Amino acid sequence: MDDTDLIQKITAPNAGMFTGKGTNSYLIGKKDITLVDPGPNIQSHLENIIEASSGNLKRIFVTHTHTDHSPGADPLAKRLGIPCYGNLVEHDFAMQDRTFKPDKLFTDGYVLETEEYTLEAIYTPGHASNHFCFLVREQQCLLSGDHIMDGSTVVIAPNDGSMKDYLDSLEKLFTYDIQSIAPGHGNLINNPQEVIQWTIDHRLQREKKVIDAIKKLGKCGLTRLLISVYSDVNPKLLPIAKWSLESHLVKLIDDGVVIRKQNRYSLTEIN
């Protein structure tokens, strides 16, 4: 667990391909504590959260409802008699936590003020349609959930994820004074503007690879595109990369750059 004046990090023991070393839960404050992302429903992890909060846990905030971030909310809320804040997804998806039932919904710009700290909810769809980041104003620290991770990029899966929304949400963060990012996975990020810009550039470079591959291959299916566009990725990760590729293609179709006919992709005539 890492401590700052206002923020404590507790990492769940759920290391894996999607979660890195585990999902980070954050306790904000000392006497009037807000828990951001309770993580998975692992008893030892929930006990660590309760012990670290010293009886002062007042509410639970959830960045989004993927199964590594929110399943701990229901058992903690029932045990401690505290409310859960969060939103539900627009489109169901296999990674959704169906146990999460929020007591209160967030709106973009919602502010929680306590005597110790101020938390602002920032709507950042893309990785998930219900994704929010939270800014601890006193420390200008952004709790980013899965919007930005340390050391890796996030998966943008079709149906509930949106590449266009993700890029727009990243650009939105430049309008806030952010000095550090506390991600849902990994360590504290102390160069937030550079990381945000790198993430945008990386996605746009991948988008260009999609366009260049279609231009080179002509009409082609998803599998052929996947191998070409993600030639730099470990083959074991290609099933995951396929989700992001599909999201890139949805954006390019919406942008009028690519068309899809009979499960084959090609550039529009104006390109």
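Worth a mention:
- Lone unmet requirement of (1) closer than 19 Å to Asp146 by Cα; (2) at pLDDT 95 or above for Ser53: (1)
- Close pairs from segment 145-169: first within 19 Å of Ser70 (Cβ to Cβ) and not assigned by TED's automatic domain parsing to the domain that holds Pro239, partner part of a loop (DSSP other than H, G, I, E, B) and modelled with pLDDT under 90, Cβ under 6 Å, at least 6 apart: Asn159/His91; Asn159/Phe93; Asp160/His91; Asp160/Phe93
- Checking Val89 against (1) touching a Gly at 6+ places or on another chain (Cβ under 8 Å); (2) in a loop (DSSP other than H, G, I, E, B), the condition it does not meet: (1)
- Residues of segment 68-100 that turn out to be surrounded by fewer than 21 Cβ atoms within 10 Å (Cβ to Cβ), modelled with pLDDT under 95 and among the charged types (D, E, K, R), as a count: 3
Yes or no, residue by residue, for (1) touching a residue at least 40 places away in the same chain (Cβ under 8 Å); (2) among the acidic types (Asp, Glu); (3) closer than 17 Å to Lys209 by Cα; (4) part of a helix (DSSP H, G or I):
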{"residue": "Leu225", "(1), (2), (3), (4)": "yes, no, yes, yes"}
{"residue": "Ser231", "(1), (2), (3), (4)": "no, no, yes, no"}
{"residue": "Leu238", "(1), (2), (3), (4)": "no, no, yes, yes"}
{"residue": "Ala241", "(1), (2), (3), (4)": "no, no, yes, yes"}
{"residue": "Ser247", "(1), (2), (3), (4)": "yes, no, yes, yes"}
{"residue": "Val250", "(1), (2), (3), (4)": "yes, no, yes, yes"}
{"residue": "Ile253", "(1), (2), (3), (4)": "no, no, yes, yes"}
{"residue": "Glu269", "(1), (2), (3), (4)": "no, yes, no, no"}
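- Flag for Pro38 being out of contact with any Leu (no Cβ under 6 Å at 6 or more places or on another chain) and at pLDDT 95 or above: no
- Test: residue in segment 37-52 that is surrounded by 20 or more Cβ atoms within 10 Å (Cβ to Cβ), touching a Pro at 6+ places or on another chain (Cβ under 6 Å), of a type outside the set (D, E, K, R) and in contact (Cβ under 8 Å) with a residue 12 or more places away in the chain: yes
- Long-range neighbours under 7 Å by Cβ, at least six apart or interchain, first residue surrounded by fewer than 20 Cβ atoms within 10 Å (Cβ to Cβ) within segment 13-30, second among the hydroxyl-bearing types (Ser, Thr, Tyr): Pro13/Ser44; Asn14/Thr23; Lys21/Thr11
- Total residues in segment 197-221, condition part of a helix (DSSP H, G or I), surrounded by 14 or more Cβ atoms within 10 Å (Cβ to Cβ) and either small (Gly, Ala, Ser) or touching a residue at least 24 places away in the same chain (Cβ under 8 Å) (or both): 9
- Index of the failed condition, Ile178 passing every other in (1) surrounded by 15 or more Cβ atoms within 10 Å (Cβ to Cβ); (2) closer than 21 Å to Asn159 by Cα: (2)
- Near pairs, Cβ below 6 angstrom, 6+ apart or cross-chain, from segment 174-196 (at positive phi and part of a loop (DSSP other than H, G, I, E, B)) to any residue that is surrounded by 15 or more Cβ atoms within 10 Å (Cβ to Cβ) and among the aliphatic types (A, V, I, L, M): Gly186/Met149
- Scanning segment 53-67 for residues that are touching an Asp or Glu at 6+ places or on another chain (Cβ under 6 Å) and surrounded by fewer than 21 Cβ atoms within 10 Å (Cβ to Cβ) turns up Lys58, Thr67.
- Scan of segment 103-123 for residues that are among the aromatic types (Phe, Trp, Tyr) and either within 11 Å of Thr34 (Cβ to Cβ) or at pLDDT below 95 (or both), ordered by number: Tyr117
The values are calculated or read from the model by the stated rules, or taken from the named source; none is laboratory data. In this text, all values refer to a predicted model and were calculated from it rather than measured experimentally. Note that each Cβ is placed from the backbone with ideal geometry, even for glycine, and that neighbours are counted across all protein chains shown.
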